[in-house]
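Take this structure first; my questions come after.
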Amino acid sequence: DKKRASSFALFDMVYRAVQHFSFPPIVANCHGQFIAGAIATVPGLTAVTQNMGWNDPYYFGAMEQTLASQLGIVPFFYYPVFYTVTALVQGLDTEAAIQRAKDTFVPLMKRNLLFWIPVQFIQFGFIDESLQIPFLSICGLAWTFIISVFAGNAKQTDERDQELVVSMNTASKGIVTSADIEVLEKEIIKAAERDLVTNSDERSLSR
């Protein structure tokens, strides 16, 4: 699907440029002071973190930078741009694009946090700043497969539903015979089987 591939390529280029300019301010302003301050407000928690060896401000800073990216940039910029760019390239109207976002945002955001929080903690904590974008680009290849499986083909479900509606409308135009019912039942079974196969493939690819 050339349109689908083009939409992901265009989106990835836009977002990598955003990361290039947004990471330096995040690094400059997040040094672990917020997490350290929050820990200090809880009685006894400072002693616990010290005993466990978690009191290094450097790693607090890496976690703050990760959370700033994942809870700030991702939900308020990354996904709005993703849904907008891919909808435009794939030819969706406004209503369809909004519905697609409603259907897929929460599941994708969950997978996003599970995948990217560990990756970005490594990025901010252990990767030199000059190599962070190449590192993320490599990790992004794996993420692109995930997001493509779960939200990439915007028209696939709509086309299946449309086929079923056409079959139902055709049967309802005249006298419905037992043969018409049999054909309609077969169409419903075929649609259900395609959905089962697709869901099975998606689960296999997401593992």
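None of the figures in this text is laboratory data; all of them are computed from the coordinates on show. Since this is a predicted model, take the numbers as computed values, not measurements. We place every Cβ from the backbone using ideal geometry, glycine too, and count neighbours over all the protein chains shown.
How long are the semi-axes of the ellipsoid equivalent to the range 54-103, from square roots of 5 times the Cα gyration tensor eigenvalues, in whole Å, largest first? Write down the numbers at each step before the final one.
Working: eigenvalues 245, 16, 7 Å².
So the three semi-axes of the range 54-103 are 35, 9, 6 Å.
Note down the Stokes-Einstein diffusion coefficient of the range 1-71 in µm²/s, whole number, using a Kirkwood radius over alpha carbon pairs, 10 °C, and 1.306 mPa s.
110
Debye calculation, C-alpha points only, no solvent: report log10 I(q)/I(0) for the range 98-150 at q = 0.15 Å⁻¹, in the same order as the q values.
-0.48
Just add up the charged neighbours of ILE117: K/R +1, D/E -1, any other residue whose Cβ is under 13 Å from the Cβ of ILE117. Could you put the intermediate results ahead of the total?
On the way: positive: LYS110, ARG111; negative: GLU64.
Combined, the nearby Lys, Arg, Asp and Glu give +1.
To the nearest Å, what is the center-to-center distance of the range 54-105 and the range 7-46, using C-alpha atoms only?
The two parts, judged by their Cα centres, are 13 Å apart.
Something else about it: With equal scatterers on the alpha carbons only and no solvent term, can you work out the Debye log10 of I(q)/I(0) for the range 32-137 at 0.19, 0.24 1/Å?
Rounded to two decimals, the profile gives -1.00, -1.23.
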